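Structure record follows, encoded as structure tokens.
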Protein chains: 2
Amino acid sequence: MSDMRAPSPYSGESLLFLTDEQLRQGIEAMFFAYRGFTADPDRILSDMAYGRAHHRAIHFINRAPGTTVNNLLNILGVTKQSLNRVLRTLIEDGLVQSLVGKVDKRERHLYLTDKGKTLEQTLSDAQRARMRSAFRDAGPDAVAGFRTVLEAMMDTEMQRAYTRLKETGQ
Amino acid sequence: MSDMRAPSPYSGESLLFLTDEQLRQGIEAMFFAYRGFTADPDRILSDMAYGRAHHRAIHFINRAPGTTVNNLLNILGVTKQSLNRVLRTLIEDGLVQSLVGKVDKRERHLYLTDKGKTLEQTLSDAQRARMRSAFRDAGPDAVAGFRTVLEAMMDTEMQRAYTRLKETGQ
DNA sequence: TTGGAATGTCAACAACACTGACGTATGTTG
DNA sequence: CAACATACGTCAGTGTTGTTGACATTCCAA
């Protein structure tokens, strides 16, 4: 249903920012920005035998060392077969170490090796550089708004995962 | 390369929002939010024989009726072979009409049929609903910041494409 | 008019997601 | 202990979406 009406006197505020045209611009901004967001790591990875899926795995293993396969599955939102293909190559290539759990031996705990950490640094440096530049250009207030809107765009499960990681980090 | 220094008295402002931790949270917010952003259309499309690429093509053909294949190529940032496969199925299924250019017969001008417009409505209604909800929860100031940061995250080419579309819309 | 550039199409292949089925080791519970 | 559940890995098959390479058509300019 289209929402193209004029600014209604809804609680005294203008709702012009909720017109279909504004929403469409938001959608398109999201589309183009995500391309920029992944462009630099993608470029680096294209030279190796890795892709975006490897980057995501490496990122979250670095973020939560010792995480289990199941936990990673929930964060990434893919099937175990899909993740397993990626993890297998990363383990074979010596970027990720998989250790049998001590308390629960069914679990595998995942860690980056030094080699893995090196690649993680390379990738996240590139991605952070762009994010830093965008943040700096936009300023702290814009950044706060950026994060508020993104968080409101997530499903509740993702919000939980995101918040948990945020608190883990500090 | 890390930028982990304490808030410097840079022009009197705190630069705490540019710490690595803040940047990483921005990166993760982007990752999770994009999943939410595409979730609803993806769900709808999974029942048909279409995917996200079809959605993107339909979106931009709707946005700029009569656009050429080449123009669409630049906006979407994929190879023409990749786009062609998508366009072929859309044309076969009667969602998109391809007309040989009158001035330049090499060009094909693309239009949505009524059937195509119907699907476009269904998809964009779903996507807009989530965006509207997120925008409403976040408020107009946050939305402005959101768009500022996203724009700063794009490559200059994308910024141009984005701005051109924005002006086209109104 | 001829050669090169632009536009679009066809074919083959790679990356990465999915479903479904199965095996193994381990933990938990009646 | 037996039965069931959980965590992980794997094999096989399929679909979408990206890639390169080769090629036909059309336009334009030397």
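When each full DSSP H helix of chain A is screened for a Cα extent of at least 15 Å along its own axis and an average Kyte-Doolittle hydropathy of at least 0.5, the helices passing are A:140-153. Take the Kirkwood radius over Cα pairs of the stretch B:16-138, plug it into Stokes-Einstein at 10 °C and 1.306 mPa s, and you get 98 µm²/s for translational diffusion. Per residue of A:121-133, other chain Cβ atoms within 10 Å of the residue Cβ number 5 on average. Averaged over peptide B:158-168, the number of partner chain Cβ atoms lying within 10 Å of each residue's Cβ comes to 3. Measuring spread by the Cα atoms of the protein assembly as shown yields a radius of gyration and Dmax of 21.6, 73 Å. Placing a pseudo-label 7 Å from each Cα along the Cα-to-Cβ vector at B:ARG160 and A:THR122 gives an inter-label distance of 3.1 nm. In units of the compact-protein estimate 2.2 N^0.38 Å, the stretch B:95-148 shows a Cα radius of gyration of 1.78.
The charge dipole of the stretch A:104-150, taken about its Cα centre with unit charges on the Cβ of Lys, Arg, Asp and Glu (plus for the first two, minus for the last two), comes to roughly 140 debye. Between B:LYS105 and B:GLU167, the modelled label-to-label distance comes to 3.4 nm, taking each label 7 Å out from Cα in the direction of the beta carbon. Highest mobility in the GNM of chain B, judged by mean-square fluctuation with C-alpha springs under 10 Å and restricted to B:ARG43, B:ARG130, B:ARG106, is found for B:ARG106. When +1 charges are put on Lys and Arg Cβ atoms and -1 charges on Asp and Glu Cβ atoms, the dipole computed for chain B relative to its Cα centre reaches about 720 debye. Label-point distances for B:SER82 to the equivalent site in the other copies, using a point 7 angstrom along Cα→C-beta, read 1.6 nm when ranked shortest first. Placing +1 on each Lys and Arg Cβ and -1 on each Asp and Glu Cβ, with no other charges, gives the protein assembly as shown a dipole about its Cα centre of roughly 820 debye.
Among A:PHE32, A:ALA142, A:TYR50, whose Cα sits farthest toward the positive end of the charge dipole of chain A (+1 at Cβ of Lys/Arg, -1 at Cβ of Asp/Glu, about the Cα centre)? Projecting each Cα onto the dipole axis, the largest value belongs to A:TYR50. For B:VAL96, the amide hydrogen comes within under 5 Å of the amide hydrogens of B:ILE91, B:THR113, counting only partners 5 or more places away or on other chains and with H modelled in the peptide plane.
None of the figures in this text is laboratory data; all of them are computed from the coordinates on show. The structure presented is a predicted model; accordingly, all values stated were derived computationally and were not measured. Counting neighbours? That spans all protein chains shown, and the Cβs are built from the backbone with ideal geometry, glycine included.
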